[in-house]
Amino acid sequence: MTAVARIRSAEVLVTSPSRNFVTLRITTDDGVVGLGDATLNGRELAVASYLRDHVVPLLIGRDAHRIEDTWQFLYRSAYWRRGPITMSAVAAVDMALWDIKGRLAGMPVHQLLGGASRDGCLAYAHASGADLEDLGDSVRARLDEGYRAIRLQVAVPGMGGGYGIASARASGGRYTYEPAKRAGLHIEEGWDSRRYLRYAPELFEWARAEFGPEVMLLHDVHHRLTPIEAARLGRALEPYDLFWLEDCTPAENQESLRLVRRHTTTPLAIGEVLNSVWDFRTLIQEQLIDYVRASVTHTGGITHLKRLFDFAGQYQIKSGSHGPTDISPVGMSAALHVGLAIHNFGIQEHMAHHELTHEVFRTSYRFADGFLHPGDAPGLGVDYDDAAAERFSYEPAFLPAARLVDGTVHDW
Ligand code: EZ4
Ligand code: CO
């Protein structure tokens, strides 16, 4: 390995193979290339500009080997700390540098992080439906694919929707759910917490009766309940042995989880909208959650995510890396390298990407029998096909908003 690997160029690549992705590609003087994911769903171009206009000029000529130094430099010298746009931009640089170091070393990134701590990363898939029959078909499809852990979301009767639903009918039998809509206008959905709170226990009673005790079941509340409502839901779901209940209440106020925790033993997962170790400090130190849901892409990359998971590990809290379709295959690969290496791995979310996405991003991670493995290719193991990427130009897309029956904007 050469002692210094000067950065010659850094390009911000925007493409939309079924959905938007922002990728940073760093190239060294010797032509070694590293990729980083900078995709922030619904706000993609803000990160692209942050990188192109404010970060790329700082990277040229730097030593690509100095990952920790570059992380600290970008974080501290910006002066304006944290936040999803900054932390996604820093993440992309960080991932690309780990990729370069791995390619130069001839080793997969998980080897650089200390080597594998397990044979593979337990993954959970999404199942959803317009009603229980529809959801049942979706669950059976996931079980047939080999998943042992499945997140269940279903439309709440009388509410005209719910979070995370792609009916089998609406998705042409693919059962894929994509939250960002390209419709151009902002989509709004209805929400009614009382109806939801009545229906959620029925959903899981049905699921256990239908699929038995062994399958691991997860559920995402998507920040929609108050702390006391969340506490009540957690308690009501205890008989159904959930693997986790996710984002049961907004966590900006970390202390609010004390109230939830006092009332239920249902395991709690939080963190896909948080982006630094500081956002988790109370949650972790007071053991208010069981799984850290941060993503490698929005939480400062491999360097910061590993720091966060190591901190959580001191409190017997495990990882649950965010892995929706809006994390690109580069981000998914980075998450898997971290997940394979750390001791306190919990589970990895896996919303499989559309086949068009894989025409642009050639991956070497693999799925078998419910487990994902990052593969043994040097670096992150992902290649970017420019010719394929150019076929898919950026299309504005928005995440929905939710409104209560009286028209009040609610957490989506
Ligand atoms: O709504 O990633 O657990 N997964 C989720 C995701 C999020 C999207 C937002 O961009 O909640 O589906
Ligand atoms: Co979620």
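The values are calculated or read from the model by the stated rules, or taken from the named source; none is laboratory data. For clarity, every value in this text was computed on a predicted model and none was experimentally measured. Reconstructed Cβ throughout: ideal geometry from the backbone, glycine too, with neighbour counts over all protein chains shown. The protein model used for the area step is the full one, side chains on, heavy atoms only, and it has no ligands, DNA or RNA in it. Shrake-Rupley method; radii C 1.70, N 1.55, O 1.52, S 1.80 Å.
The residues of the chain have, on average, 39 Å² of accessible surface per residue, using a 1.4 Å probe with all protein chains present. Per-peptide packing, taken as the mean over residues of other Cβ atoms within 10 Å, places 365-378, 84-97, 337-350 in the sequence 84-97, 337-350, 365-378 from highest down.
Tell me, what % of the accessible area of the chain is carbon and sulfur with a 1.4 angstrom probe?
Values: 8250 of 16250 Å².
In the chain, the share of accessible area belonging to carbon and sulfur is 51 percent.
Counting only protein chains, not ligands or nucleic acids, how are 30, 279 ordered by accessible area (probe 1.4 Å), most first?
Values: 30 115, 279 25 Å².
Result, largest first: 30, 279.
In region 1-135, the C-alpha radius of gyration followed by the widest Cα-Cα span (Dmax) gives 17.4, 60 angstrom.
For a straight C-alpha distance cut-off of 25 angstrom, the lysines reachable from residue 318 (same-chain residues fewer than eight places away being disregarded) are 306.
For the chain, the antiparallel share of DSSP beta bridges with both residues in that region comes to about 50%.
Residue order by solvent-accessible surface for 192, 383 is 383, 192, largest first, with ligands and nucleic acids left out and a 1.4 Å probe. For residue 181, a cut-off of 16 angstrom between C-alpha atoms picks up these aspartates and glutamates, skipping any fewer than 8 places away in its own chain: 44, 189, 326, 395.
In degrees, nearest 10, range 0 to 90: what is the angle between the Cα axis of helix 329-341 and the longest Cα principal axis of the chain? Rounded to the nearest ten degrees, it is 90. Considering the chain, its Cα convex hull presents a mean projected area of 18.7 nm². Remark: spin-label model distance residue 228-residue 311 equals 3.2 nm, labels positioned 7 Å along the Cα→Cβ axis. Note on residue 101: no lysines have a C-alpha under 16 Å away, same-chain residues under 8 apart excluded. Springs between alpha-carbon pairs under 10 angstrom, Gaussian network model over the chain: which of 363, 226, 266 fluctuates most? The residue with the greatest mean-square fluctuation here is 226.
Where does each of 199, 124 land when they are ordered by accessible area, with a 1.4 Å probe and the largest first?
Result, largest first: 199, 124.
The per residue volume of the convex hull around the alpha-carbon atoms of region 258-367 is 102 Å³.
Provide the FRET efficiency to the nearest 0.05 for the residue 79-residue 195 pair, computing r from the beta carbons and using R0 = 35 Å.
On the way: r = 46 Å, r/R0 = 1.32.
Plugging the Cβ-Cβ distance into 1/(1 + (r/R0)^6) gives 0.15.
The accessible area of residue 43, taken with all protein chains in place and a 1.4 Å probe, comes to roughly 140 Å².
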